[in-house]
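Okay, structure first, notes after.
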Amino acid sequence: MGEPVIAVLAPEVIDQIAAGEVIERPASVVKELIDNAIDAGARTITVETAAGGRGLIRVTDDGCGMSARSALLALERHATSKIRSVDDLWGLGSLGFRGEALPSIASVSRMTITTRLGGELAATRIIIEASRIVSVTEAGAPAGTTIEVADLLHNLPARLKFLKGEATEASHITELIGRVAMAHPELHLRLKHNGRTSLEAPPDRDGYARAQALLGGRIAARLEAAHGEEDGVRVAAYLGAPELAQATARGVQLFVGKRPIRDRGLLHAVTMGYGELIPRGRYPIAIVHVDVPAGAVDVNVHPQKLEVRFSDATAVCAAVRHVVQAGVAAAPWRAELGHAGPIHMSALTTVAPPRLPFDGIPAT
Ligand SMILES: Nc1ncnc2c1ncn2[C@@H]1O[C@H](COP(=O)(O)OP(=O)(O)O)[C@@H](O)[C@H]1O
Ligand SMILES: [Mg+2]
């Protein structure tokens with residue numbers, strides 16, 4: 001065998017490979033664009049999709065916007081306004097930090113950025129197709145940013161095959177927006193699929209009011225708020241009554257520093273906090289926001305930032321378990337159940353599982 005030829009990959013190939021990690025489906029694009037809008041200080045964010053996001057995703061924000069120069073720079077790989085050194089990750093105040101989302105998305109779609117920096121007269125519009133800048137023009141637009149992503153993965157047919165049908169992809173987007181709304185009660189969030197509003201969340205007073213608004217009247221009436229702090233770990237939990245328990249963990253929403261995350265340890269801590277009120281194998285409706293001191297969590301462990309690593313996971317789980325336990329003990333619905341040990345399965349099975357706002361279309 002002759003010597004294999006080594007070559008440095010072309011930049012657009014590197015971007016497509018990076019996109020493979022971050023852009024799993026249309027909802028991943030929506031997540032990256034919403035994170036950017038929140039980091040830009042937006043108060044109102046509108047997400048519109050066509051064909052479940054496979055055809056078009058449009059995210060409009062009223063954040064700080066970008067100058068023409070910044071918008072072009074933002075398309076470069078590893079270009080970010082959010083960190084300057086790795087140490088900045090330990091006190092991170094932003095959702096983004098990699099500087100990879102825009103170039104990754106641009107490498108696998110036809111993207112249009114329209115953005116106007118507050119105080120500037122004209123907006124800039126940049127059209128990029130599969131990493132190639134097609135045009136940069138002036139445009140009229142309100143202050144803020146609109147990013148349109150059309151024909152996602154059109155140039156990677158092998159990846160496109162892995163996407164599900166429109167309804168399923170739309171349901172992933174709806175679920176994601178529900179989680180973002182849960183984490184940011186001060187935001188006004190709007191979601192439209194094919195021109196039809198599927199979620200409208202005007203600003204709420206606080207996390208509890210937001211949880212009640214998003215989960216709907218029936219669950220809201222049976223949702224108890226619990227707050228606590230232990231070893232510097234702050235926990236705010238909104239706990240559904242045990243009869244709302246479900247066979248899947250979809251009703252447990254976990255947030256760390258306002259990031260929606262998945263974490264088996266924390267999930268277990270929540271179910272432990274309910275003790276015997278919820279039978280094994282079932283999960284409560286519970287919204288749990290956790291905040292840890294700067295330096296106690298590493299957010300740079302998962303390409304989509306869906307997982308985090310705690311410096312002291314045991315302490316974080318203990319704090320969550322204790323706050324949930326205390327909340328459950330104080331809840332009015334706890335008193336209804338009396339104090340005579342576990343409730344009986346027969347009492348539970350007569351109650352249909354709750355419908356969350358994003359239910360209806362099975363997620364896969
Ligand atoms: N909606 C937006 N409003 C204002 N600035 C934005 C917006 N989206 C992206 N940017 C700018 O573009 C940069 C690159 O974005 P991105 O590729 O997502 O990387 P990151 O978010 O990790 O910095 C950001 O750091 C930010 O300065
Ligand atoms: Mg980003």
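Round to a whole angstrom and tell me the spacing of the C-alpha centers of the stretch 1-61 and the stretch 224-251.
After rounding, the separation between the Cα centres reads 32 Å.
How large is the dipole of the stretch 1-147 about the Cα centre if only Lys and Arg carry +1 and Asp and Glu carry -1, each at its Cβ, rounded to the nearest 20 debye?
340 debye
How far, in nm, would the chain grow between Glu120 and His154 when pulled straight, counting 0.36 nm per residue and subtracting the alpha carbon separation?
Length difference between fully extended and current span is 8.8 nm.
Using the Karplus curve 6.51 cos²θ - 1.76 cosθ + 1.60 with θ = phi - 60°, work out ³J(HN,Hα) for each residue of the stretch 276-282 in order, rounded to whole Hz, and write x for Gly and Pro.
7, 5, 10, x, 3, x, 10
If I model a spin label at Thr197 and Arg280 as a point 7 Å from the Cα along the Cα→Cβ vector, what separation in nanometres do I get?
Here the modelled spin labels are 4.7 nm apart.
Could you tell me, in Å, what Rg and Dmax come out for the Cα atoms of the stretch 202-291?
Final numbers for Rg and Dmax: 12.6, 37 Å.
Name the shape class, rounded, prolate or oblate, that the alpha-carbon gyration tensor gives for the stretch 137-292, where a ≥ b ≥ c are the square roots of its eigenvalues, rounded holds for a/c under 1.5, and otherwise prolate holds if a/b is larger than b/c and oblate otherwise.
Since a/c reaches 1.5 and a/b is larger than b/c, the shape of the stretch 137-292 is classed as prolate.
In the chain, if the dipole is taken from +1 on Lys/Arg beta carbons and -1 on Asp/Glu beta carbons about the Cα centre, which of Pro260, Gly232, Ile133 is farthest to the positive end?
Positive-end residue among those listed: Pro260.
Below 23 Å, Cα to Cα, which lysines can Lys82 reach? Residues fewer than 8 away in the same chain don't count.
List returned: Lys31, Lys258, Lys305.
Which value, in Å³ per residue, describes the convex hull spanned by the Cα atoms of the stretch 121-187?
So the per-residue Cα hull volume is 128 Å³.
Which of the trypsin sites (Lys or Arg not before Pro) found in the stretch 196-274 are in a DSSP loop and have at most 12 neighbouring Cβ atoms, other than their own, within 10 Å?
Arg205
Find out how many positive minus negative residues lie around Leu75, taking Lys and Arg as positive, Asp and Glu as negative, among other residues whose Cβ is under 15 Å from that of Leu75.
For residues surrounding Leu75, the net value is -1.
Please rank Val13, Val86, fewest neighbouring Cβ atoms within 10 Å first, as an exposure proxy.
Starting with the residue having the fewest Cβ neighbours, the order is Val86, Val13.
Listing Trp333, Trp90 from the residue with the fewest other Cβ atoms within 10 Å to the one with the most, what is the order?
Trp90, Trp333
Give the dimensionless ratio obtained when the Cα radius of gyration of the stretch 1-129 is divided by 2.2 N^0.38 Å.
Its radius of gyration relative to the 2.2 N^0.38 Å reference: 1.17.
Under 13 Å from the Cβ of Asp231, count the other residues' Cβ atoms, weight Lys and Arg +1, Asp and Glu -1, and hand me the total.
-2
Rounded to the nearest angstrom and ordered from largest down, what semi-axes does the equivalent ellipsoid of the chain get from its C-alpha gyration tensor (root of 5λ)?
Square roots of five times the eigenvalues give 39, 22, 21 Å.
Once you place label points 7 Å from the Cα toward the Cβ at Glu76 and Ala313, how far apart are they in nm?
Taking the two extended label points, one gets 3.8 nm.
Read-outs throughout are calculated quantities, based only on the coordinates presented, and are distinct from any laboratory measurement. If you're wondering where the values come from, they're calculated on a predicted model, not measured in any experiment. All Cβ positions, even for glycine, are placed from backbone atoms using ideal geometry, and neighbour counts span all protein chains on display.
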